[in-house]
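See structure below.
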Amino acid sequence: ANSFYLAILETFSQVLIPGFSIMLTHKPDWHLALLILTHFVLVLSALCLPLYAARSMNAIFIGVKIVGLWVTVCAGMSYLVTGTHRSQDTGKLLYGGLGLG
């Protein structure tokens, strides 16, 4: 049952995320907020609806969702700080935050 609900959420997110990017081109604050909200819902669903029987597989599955949220938050912080969508700034925040920069 969990796989059914997670598949529906994944499908909606695969439609919503590009849809937000197209529809909210001129409203970057709304775009950022809705992207973060979408990724946050995906993380919560992965935490609340375990998909695999093995805890290690669930940890990997949840980790992938958390990384998606982390990248979205770093891109949003980069935009809020610089006012532009430059990938160099996002990369500095992303790798710097992971201790790799």
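Values in this text are rule-based calculations from the coordinates and carry no lab data. All values derive from a computational prediction rather than experimental measurement. Here Cβ is always computed from backbone atoms with ideal geometry, including for glycine, and neighbour counts include all displayed protein chains.
At a 10 angstrom cut-off on C-beta neighbours, averaged per residue, how do the peptides 67-77, 28-38, 43-53 rank from highest to lowest?
Per-residue Cβ counts within 10 Å, averaged per peptide and sorted highest first, yield 67-77, 28-38, 43-53.
Could you tell me whether region 1-84 comes out rounded, prolate or oblate from its Cα gyration tensor? Rule is a ≥ b ≥ c as square roots of the eigenvalues, rounded for a/c under 1.5, then prolate if a/b exceeds b/c, otherwise oblate.
oblate
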